[in-house]
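Beneath this line is the structure, given in C-alpha cells, with notes to follow.
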Amino acid sequence: MHPAIHTDGVAVITGAAKGIGFAIAQCVARHGMRLALLDSDADALSNAASRLRQGEVPVSVVVGDVTDIGVISRLRKKR
C-alpha cells in the first residue's frame with residue numbers, strides 16, 4: 001500500500017462523481033480508507049456513492065463547488 005494511504009484517515013476527493021475522480025475514489029476505497037466525496041453533479045455523485053458503498057466503505061457526500069468556502073465547511077462537518 002502507498003504510504004500516503006492510511007486506513008484510519010479520510011480521503012477528500014473532488015470531482016468524485018465520474019472520470020478520474022471516481023477512479024481515484026475506487027482505488028482509495030480498495031485500500032479501506034473512508035471517503036468524503038465532493039462534486040457539483042448531485043445525481044452522478046449519489047450514483048457514485050452508492051456504487052462505492054457496495055464495497056462497505058464509509059462514504060460521505062457533499063454537493064457543491066470546491067471554490068465555495070461554504071461547501072468546504074459542510075464537508076468538514078461531515079467527518
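Just so it is clear, none of the values below were taken in a lab; they were calculated from the coordinates. In this text, all values refer to a predicted model and were calculated from it rather than measured experimentally. In this analysis, Cβ positions are derived from the backbone assuming ideal geometry, glycine residues included, and neighbour counts consider all displayed protein chains.
Axis of helix 19-30 versus longest Cα principal axis of the chain: the two differ by about 40°, to the nearest ten degrees.
Give the calculated FRET efficiency between residue 47 and residue 67 to the nearest 0.05, with a Förster radius of 35 Å applied to their Cβ-Cβ distance. If you can, show how the numbers build up before the last one.
Numbers: r = 23 Å, r/R0 = 0.67.
Efficiency, rounded to the nearest 0.05: 0.90.
Relative to the longest principal axis of the Cα atoms of the chain, the long axis of helix 69-78 makes an angle of roughly 40 degrees.
For the chain, the longest principal axis of the Cα atoms and the long axis of helix 42-53 meet at an angle of about 20 degrees. Taken over the chain, the percentage of Cα pairs per 5 Å bin, counting from 0 up to the bin with the maximum distance, is 3, 17, 30, 26, 16, 7, 1.
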